[in-house]
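Worksheet: one structure, shown below.
Nothing in this text is a laboratory measurement; each read-out follows from the coordinates by a stated rule. Owing to the predicted nature of the structure, the values given are computational and were not obtained by experimental measurement. Every residue, glycine as well, gets a Cβ built from its backbone with ideal geometry; the counts of neighbours run over all protein chains shown.
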């Protein structure tokens, strides 16, 4: 019962934030990822892991900011991350993101702390806190945006289909400084509901709907993006 309440609360956050927004858009985020342990190289590296993600983001509706073209590639992101696992619950990670956008490119270093619970009858919880340093290629590096991201996920096997997991995520974004990216304070919230589906051995598909609220200068300029999210993940 308590997780039904949690589910409704998270969805309610997305609806409430989107209520005052004046602009809506439909995107598709399509990713390929891989992750594994360095233990295969040496037993001494068993606590270290790596992950790589490439994600293409397309605007499926014609928008003025993208030349009124539908199905336009607006971003392509490449993430590379290395982790140290303190135990089976906690990890610390260092990563880098290269983001090719429509008008400029971005270099983004980040650090994160993550936690994952054991599987229980009620499901599994995951939490991640990430600090990002965002630099626009066209601007001087001292105009860096510091962004904090707080991520929570609840997962639970579907009744009758133990290999399929239902996922419910929420991630909040907050700028710690004012820069060319934007002023400091709350800026964004992403709510996701979807499925984690096995395809073949060590390969899984994540697919679902994401609602992204982006705060702008005034409430009428706020954005609500409706996103079809898919990712094929390979595990080594």
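General observations
- Computed over the chain: relative contact order in percent, which uses C-alpha pairs under 8 Å that are six or more apart: 18 percent
- Overall form of the range 83-162 per C-alpha gyration tensor (a/c, 1.5; a/b vs b/c): prolate
- Distance between the modelled labels on residue 23 and residue 113, one decimal in nanometres: 3.6 nm (7 Å Cα→Cβ projection).
- Applying 1/(1 + (r/R0)^6) with R0 = 22 Å to the Cβ-Cβ distance of residue 209 and residue 152 gives a FRET efficiency near 0.80.
- Between residue 76 and residue 201, the C-beta separation translates, for a Förster distance of 30 Å, into a calculated FRET efficiency of about 0.60.
- Seen from a random direction on average, the alpha-carbon convex hull of the range 126-236 projects onto 9.2 square nanometres.
- Square roots of 5 times each gyration tensor eigenvalue, C-alpha, the range 2-235, largest first, Å: 29, 23, 18
- The sum of -39500 (n - 2.57) across all DSSP H runs of n ≥ 4, divided by the residue count of the chain, sets its helix-only mean residue ellipticity at 222 nm to -2500 deg cm²/dmol.
- The relative contact order of the range 13-116, computed from alpha carbon pairs under 8 Å that lie at least 6 residues apart in sequence, is 19 percent.
- The protection proxy used here, the mean number of other Cβ atoms lying within 10 Å of each residue, ranks peptides 203-212, 113-122 as follows, highest first: 203-212, 113-122.
- Scoring 96-104, 173-181 by mean Cβ neighbours within 10 Å over their residues and listing the highest first yields 173-181, 96-104.
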